[in-house]
Amino acid sequence: MRKEYSKWLLYLREQAFTIFSKYSVPRWMVFVIDNLSVFLIFLIAYILRFNFDFAVLTSPIVYNHALIATIVYSVLSIIFRSYSGLLRHTTLTDISLVFIVTTSSTASLIFLSLLSRRMGWGDILKIPISIILIHYVTITVFLFFLRVFVKVIFRFATSSIKKTRNILIYGAGELGFVVKRVVLSDSKYGFNVTGFIDNDKSLQGKKINGIPVYGSAVLSAEFLSKKKIKSLILAEKEITIDEKSRIIRSAINLGLEVLDTPEVDKWMAGQLNTSYFQRVKLEDLLGRDPIKLNLDLIKEGLNDKTILITGAAGSIGSEIVRQLARFNSRKVILVDQAETPIFYLENELRGKFMDLQFQILLADVTNLEKMEYIFQEFHPDIVFHAAAYKHVSLMEENPHEAIRVNVGGTMTLTELAVKYRVGKFVMISSDKAVNPTGVMGASKRICEKIIQAFDQIEGKKTQFIVTRFGNVLGSNGSVIPIFSKQIRDGGPVTVTHPEVYRYFMTIPEACQLVLEAGFMGQGGEIFVFDMGDPVRIADLAVNMIRLSGLEPEKDIKIKYTGLRPGEKLCEELLTDKETTLPTHHPKIMKARIEEIDGPAILAKIDELIDIIYTLSKHQVVKRMSELIPEYKTNNGKLKEAKIYRGI
Ligand SMILES: NC(=O)c1ccc[n+]([C@@H]2O[C@H](COP(=O)([O-])OP(=O)(O)OC[C@H]3O[C@@H](n4cnc5c(N)ncnc54)[C@H](O)[C@@H]3O)[C@@H](O)[C@H]2O)c1
């Protein structure tokens, strides 16, 4: 019997749940139901007043009075919008609005009735006061219970069917409460709030609205498994970025899904919705304060200038363009040889930055004639040089191309910069240029030396500046998009070595610092960016798997493939001979660089470029290490002195 009863209960619950998930009563219908109730209950009020004598309903005046009451109620409900809340989510405010409307319509009806008696307007408005009062009590109680009834049924329907995901809300302040209300009222996601976490000790151990408040110590495996907690929603805006990333890291490590509450200005029409909660991103794990820029310096530097960006379609180049677009430059010249990526960039810029004056040029930076035409035609005031080949393993196989594109491209552009009296030339270098073990890094170090050498030229107008930094998150072909794809494909995630560490920055962070460094530089500097602490790539893989809601090794395997030629366990930001000086920006340091014999180096580089395709890979590498004595290849194949024309 009991079993039969629970079966029915479950059936009813499922049916109600289906109805609630499919339909919600539109506001106009709530308005119609309310007003129909006012009309019918007015008739009932007459029957009650006349001791259940139904004959009273035969008098037309009764219907006239009911109609007048309904008209008064409907006008006031439109004014106070008492029908506008969703019945299933009725709040105290909605109930108060109903009360205000019934009370004010009762007062209006009494007033009309008394006035009509006084003025002798006949029976039509002379509604008996007793009827108005009976109606007042009945309609108020009815509308109140109607709303509570729908809410209770809704709770019943959704209580055990979907509410299966126990969550914690970080922050028991105002925002935490908004979040609690929103998640509990949205049955689709089935959240059940197990508790709040708050740093305020005076709240810890107490219950708010029946929900306990804990300290952050509850973020432990034991507590989470005991309470079967699956997710944590961050609803605290008053914490530092460091603290936030610490909470996210520990929650992710405990296998929780971590969701963040968007800023209020991103809520549509000021309303928060469960669908707005977003899984935290990898950037949130890095815990980095936003970069503060000296906007005046940059603004002044870019004002009315023509700016040329090479490699404009790449991760760094395109972000420099986006950052520049905020400022009032005269024209931006975008140079890249990759047709499709630059096509997409053009579309993006046309859509996003209507006021930006820009010119797209498909060109190879190693093509002297084409580049000379560009300098002659547009006379750039500033050059950001980001065009390069950057993939370490590919450059190990193709050292000739590293020299032709990275070194040759930089030589061409620096010569043209001096010839066409460019004001500033900012080269984007990489931490891989420091004590390089690979061809790519060594080629970038040669580029740095070219910049240094050109800066020594007497009487030149150009300030030559190098910016050097480590990996940026999510750039083309970098570890993050690769891991993401591997996770999407079901794994394994491939990591070269368990102890490989890399520095990381976001692309916007790096490019903002490029601008800042570019304009603080006077020429001849290598600016090195503070990248924070290096990140263990194996941890990054684990975190990315967890951020995708999966369990490392259980859902997605991690496979170690061994360091590839040219790669290091840990990158450095300074060579052995460099130390740093601080600048006015806390995240930018100036490297105290070693002296070089500029003309001699440039002569050797010129010669190398001229004869590059007559050399074997081994000979290219040998020549590179003559230019960069600190370059020690770790690529066994390149150490062998075999003659190979690898063109
Ligand atoms: N991505 C990083 O993590 C990172 C970190 C530090 C430094 N850097 C440096 O920044 C520079 C750009 O890196 P990225 O991540 O934007 O690379 P990317 O591959 O996304 O972009 C490079 C762009 O240069 C273009 N290019 C290559 N050869 C060219 C040529 N001969 N003529 C014209 N255009 C050419 C490519 O088409 C591409 O659009 C590289 O020098 C790299 O070493 C990158």
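The values are calculated or read from the model by the stated rules, or taken from the named source; none is laboratory data. No experiment lies behind these values; they were computed from the predicted model shown. Note that each Cβ is placed from the backbone with ideal geometry, even for glycine, and that neighbours are counted across all protein chains shown.
Would you confirm whether or not the stretch 266-288 contains a residue that is β-branched (Val, Ile, Thr), free of Cβ contacts under 8 Å to residues at least 40 places away in the same chain and surrounded by fewer than 20 Cβ atoms within 10 Å (Cβ to Cβ)? The answer is no, given that none of the residues of the stretch 266-288 is β-branched (Val, Ile, Thr), free of Cβ contacts under 8 Å to residues at least 40 places away in the same chain and surrounded by fewer than 20 Cβ atoms within 10 Å (Cβ to Cβ).
Of all residues in the stretch 210-240, which are in a loop (DSSP other than H, G, I, E, B) and within 14 Å of Asn192 (Cα to Cα)? Walk me through it before giving the result.
If we filter the stretch 210-240 for residues that are in a loop (DSSP other than H, G, I, E, B), which is where we start, we get 210, 215, 219-220, 227-228, 235-240.
Result: Gly210, Lys227, Lys228.
For Ala402, state whether it is within 33 Å of the chain's Cα centre (by Cα), modelled with pLDDT of 95 or more and within 15 Å of the ligand (Cβ to nearest atom). For Ala402, the condition - within 33 Å of the chain's Cα centre (by Cα), modelled with pLDDT of 95 or more and within 15 Å of the ligand (Cβ to nearest atom) - is not met. If only residues of the stretch 483-505 that are part of a loop (DSSP other than H, G, I, E, B), touching a residue at least 60 places away in the same chain (Cβ under 8 Å) and at negative phi are counted, the one that is farthest from the ligand (Cβ to nearest atom) is Pro492.
Residue count for the stretch 467-486 under the criterion of being buried (at least 21 other Cβ atoms within 10 Å of the Cβ) and among the β-branched types (Val, Ile, Thr): the result is 3.
Just to be sure before I move on: is Val193 β-branched (Val, Ile, Thr), part of a helix (DSSP H, G or I) and at negative phi in the structure I sent?
Values: β-branched (Val, Ile, Thr): yes; part of a helix (DSSP H, G or I): no; at negative phi: yes.
No, not satisfied.
Only one of the listed residues (Val335, Val321) is over 19 Å from Glu516 (Cα atoms) and within 13 Å of the ligand (Cβ to nearest atom). That residue is Val335. Looking at Glu348, Glu377, just one residue is without any contact (Cβ under 8 Å) to a residue 60 or more places away in the chain and within 15 Å of the ligand (Cβ to nearest atom), and that residue is Glu348.
Looking at Leu550, Leu515, can you tell me which residue is surrounded by fewer than 22 Cβ atoms within 10 Å (Cβ to Cβ) and out of contact with any Lys or Arg (no Cβ under 9 Å at 6 or more places or on another chain)? Break it down stepwise before answering.
Working: Leu515 fails: surrounded by fewer than 22 Cβ atoms within 10 Å (Cβ to Cβ).
Result of the check over Leu550, Leu515: Leu550.
Considering the conditions (1) in contact with a helix residue (DSSP H, G or I) (Cβ under 7 Å, 6 or more places away or on another chain); (2) assigned by TED's automatic domain parsing to the domain that holds Leu581, Gly518 is excluded by exactly one of them, (1).
I'm checking my understanding of the structure. Among residues of the stretch 554-613 that are of a type in the set (A, V, I, L, M, F, W, C) and in a loop (DSSP other than H, G, I, E, B), which one is farthest from Ile526 (Cα to Cα)? Please lay out each step first, then the result.
Our first condition is that a residue be of a type in the set (A, V, I, L, M, F, W, C); within the stretch 554-613, this holds for 556, 558, 563, 569-570, 573-574, 581, 588-589, 591, 593, 596, 600-603, 605, 608-609, 611-612.
From what's left, in a loop (DSSP other than H, G, I, E, B): 563, 569, 573-574, 593, 596.
Working: Leu563: 29, Leu569: 24, Leu573: 11, Leu574: 10, Ile593: 7, Ile596: 14 Å.
Result: Leu563.
Hey, among the residues in the stretch 234-250 that are under 16 Å from Ala217 (Cα atoms) and among the aliphatic types (A, V, I, L, M), which one's farthest from the chain's Cα centre (by Cα)? This residue is Ile247.
Looking only at the stretch 295-329, residues that are among the small types (Gly, Ala, Ser), touching a Leu at 6+ places or on another chain (Cβ under 9 Å) and more than 19 Å from Val422 (Cα to Cα) come to 3 in all. Using the structure shown, decide if Val98 is assigned to a helix (DSSP H, G or I), over 30 Å from Gly190 (Cβ atoms) and in contact with a Leu (Cβ under 7 Å, 6 or more places away or on another chain). No, not satisfied.
When the stretch 458-482 is filtered for residues that are more than 14 Å from the ligand (Cβ to nearest atom) and either in a helix (DSSP H, G or I) or of a type in the set (Gly, Ala, Ser) (or both), only Gly459 remains. Every condition in (1) at pLDDT below 90; (2) not in a loop (DSSP other than H, G, I, E, B); (3) not charged (D, E, K, R) is met by Ile643 except one, and the failing one is (2).
Considering the stretch 358-440, the qualifying helices (runs of 4 or more DSSP H), each wholly inside and each with 1 or more residues that are aliphatic (A, V, I, L, M) and surrounded by 24 or more Cβ atoms within 10 Å (Cβ to Cβ), run over 392-397, 409-419. Quick one: would you say Asp533 is closer than 25 Å to Asp284 by Cα and modelled with pLDDT under 85? So Asp533 passes the test.
Listed by first and then second residue, the pairs linking a residue in the stretch 301-315 that is outside the structural domain of Phe375 (by TED's automatic domain parsing) to a residue that is among the aliphatic types (A, V, I, L, M) and within 10 Å of the ligand (Cβ to nearest atom), with Cβ atoms under 6 Å apart and 6 or more places separating them unless they lie on different chains, form an empty list.
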